[in-house]
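Here's the structure we're looking at; comments come further down.
FYI, it's all coordinate maths here, none of it is from the lab. All values derive from a computational prediction rather than experimental measurement. In this analysis, Cβ positions are derived from the backbone assuming ideal geometry, glycine residues included, and neighbour counts consider all displayed protein chains.
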Amino acid sequence: MSLGKDATLEIAPDVHWIGALDPDLRVFDLILKTANGTTYNAYAIKSPDGVAIIDTVKEECAEQYFARLESVTRYEDIRFVILNHLEPDHAGAVPELMRRAPQAKIFVSHRGLRLLQATLKDELGQYEYCLSEDGECIKLGERTIRFVHTPYLHWPETKCTYLEEEKLLFSCDVFGSHYCDDRLFNDLVGDFRFSFEYYFKHIMRPYKRYVLEAMDKIEALSPRLIAPSHGPILRDQPMQYVRSYRTLSTSSIPIEQGKESKSLLIFYMSAYGATADMAKSVYEGASDVEGVLVSLYDLQGGEVEPFVDLIEDADGLMFGSPTINGDAVKPVWDMLASLVAIETKGKLGAAFGSYGWTGEAVGMIEDRLRGLKMRVPEKGLRMKFHPTEQELGDCKAYGRKIAQVLAGKAKPKEIDFADL
Ligand SMILES: Cc1cc2nc3c(=O)[nH]c(=O)nc-3n(C[C@H](O)[C@H](O)[C@H](O)COP(=O)(O)O)c2cc1C
Ligand SMILES: [Fe+2]
Ligand SMILES: [Fe+2]
């Protein structure tokens, strides 16, 4: 690292990077590994009519931030404090910044008020703030600052800020990478492609449809420079990164078979073959229904990540697990836990399994499916030990019913939740 403790970088005329380097960070937000740390990028836009600050940094890195800020401006010259996102990695130093520049007006998106209150607590009452609407513009001297709302990228209130004359997009978490290299510009740093995609997969992927909406807005702006809040600043071919987000948000291999049909995936585990037999019959029954493409997978023969990819594009999911020691088995839970990486809301879900005496697994899986905001239209199917021929017929009927609901050919049953 060669960038001094208070050295800043002018990324465009009178626009300075005043962020912080955190090369020793190894885990971010509990869910991401950060092999070479990260940066928290913040910026100062200077004008004869005062200064606009874009974002702050994590509280623990505030010393670097204030040193850099002081080397480009005085606190009394700060007119606007623009907060793109109120997660603590960007808003951690906001309380201290506002104590030092209490005259500054804060800008958050209209969805950000509660989080701003949670950040500043009782001190919020001392400051002036504005809740921006999407597309709203403010003037800083001759310069025009536009707010571009990008909900869910990463939190509901997240927005980007666009400096019109420079065509410079302060994109916050969007296009970020956890990659710490003090050369800062994408054409000067090391190979950070892995970090860019890894960041997308962990932060943006569950919100793909919002990503596509945001890319429509950003493409229309056609920025010349993209300054995200983590990792390299994208000055070389910035639109490539926009295109990359679009690609990463779109299914790469189209399903050729039955483009119009719904996709139903059946996953199971089985120690003695009872749940496996149930699964095969459920599969047969579901396969009878036209317009539904059914796939059967034994979780023992697969790895979690490719299954998550499949599930992302599926319309319905069924999980079969025996009850072992009062619970569903670990690979099923691992699979279900991994679904936080994708959007599951509104998919159809169902569970089945064999048991010996208490049979908790099926109900527990159903609870988890509901927790993932999936629709669970039919009560799960449980069978004691190996299913009889007649019970296999019931499994077939169950599979058929779920597939029919998925295809819109049957109404979901009214479930008495007390019965579950
Ligand atoms: C180690 C072990 C623990 C079990 N614990 C339970 C239990 O807590 N409750 C229950 O209903 N059945 C329990 N069972 C019984 C299984 O759920 C039953 O044998 C089931 O049919 C196994 O289905 P499978 O052949 O698909 O693995 C247990 C079985 C084993 C081997
Ligand atoms: Fe974030
Ligand atoms: Fe962030």
So what J values fall out for the range 114-124 if you push phi through Karplus, 6.51 cos²θ - 1.76 cosθ + 1.60 with θ = phi - 60°, rounded to Hz, Gly and Pro as x?
-> 4, 6, 5, 4, 5, 7, 9, 6, 5, 5, 4
Signed unit charges on C-beta, dipole axis of the chain, positive-most listed residue Gly399, Trp333, Ser263 = Gly399
Kindly flag which residue pairs out of Lys105/Lys159; Lys262/Lys373; Lys167/Lys345; Lys262/Lys345; Lys46/Lys159; Lys208/Lys373 have an alpha-carbon separation exceeding 26 Å in this structure.
-> Lys167/Lys345
Using alpha carbon centers only, the range 163-206 is separated from the range 32-56 by a whole-angstrom value of 13 Å
So who's got an amide H within less than 5 Å of the one on Gly141, skipping anything under 5 residues away but keeping other chains? H placed 1.01 Å off N, in plane.
-> Asp49
Residues whose built amide H sits under 5 Å from the amide H of Ser177, excluding neighbours closer than 5 in sequence, are His230, Gly231
Can you list residues whose amide H is under 5 Å from Leu317's amide H, if they're 5+ apart or on another chain and H is modeled 1.01 Å from N?
-> Leu265, Leu348, Gly349, Ala350
Calc'd 3J(HN,Hα), the range 325-334, phi into Karplus 6.51 cos²θ - 1.76 cosθ + 1.60 (θ = phi - 60°), Hz, glycine/Pro = x, comes to 6, x, 8, 6, 7, 4, x, 5, 5, 4
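Can you give the charge dipole size of the chain about its Cα centre, rounded to the nearest 20 debye, using +1 on the beta carbon of Lys and Arg and -1 on the beta carbon of Asp and Glu? Kindly include the intermediate steps, with their values, before the conclusion.
On the way: 49 positive and 64 negative charges, 140 e Å.
Result for the chain is approximately 680 debye, rounded to the nearest 20.
Which order do the peptides 290-301, 204-215, 32-43 take when ranked by the mean count of other beta-carbon atoms within 10 Å per residue, highest first? Provide the component values of the computation, followed by the final result.
Working: 290-301: 16.4, 204-215: 19.1, 32-43: 21.3.
The peptides rank, most packed first, as 32-43, 204-215, 290-301.
Report the percentage of all Cα-Cα pairs in the range 262-419 whose separation exceeds 29 Å, rounded to a whole percent.
Working: 887 of 12403 pairs.
Percentage above 29 Å: 7.
Which whole-number value in Å³ per residue fits the convex hull of the alpha carbons of the chain?
Numbers: hull volume 69.3 nm³, N = 420.
Here the figure is 165 Å³ per residue.
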Using only Cα atoms, find the angle between the long axis of helix 274-287 and the longest principal axis of the chain, and express it within 0 to 90 degrees, rounded to the nearest 10.
-> 80 degrees
What's the angle, to the nearest 10 degrees (0 to 90), between helix 361-371's Cα axis and the longest principal axis of the chain?
-> 30 degrees
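Of all DSSP beta bridges in the range 143-244, what percent run antiparallel (nearest 5)? Mind dumping the intermediate values first?
Values: 9 of 14 bridges.
So the antiparallel bridges amount to about 65 percent of the total.
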Taking the chain and counting helices only, DSSP H stretches of n ≥ 4 at -39,500 (n - 2.57) each over all residues, the nearest-500 ellipticity at 222 nm comes to -9000 deg cm²/dmol
In whole Hz, what ³J(HN,Hα) sequence does the range 12-17 give by Karplus (6.51, -1.76, 1.60; θ = phi - 60°), x for Gly and Pro?
-> 7, x, 6, 10, 10, 6
Taking every DSSP bridge whose two residues both lie in the range 9-248, the antiparallel percent to the nearest 5 is 65 percent
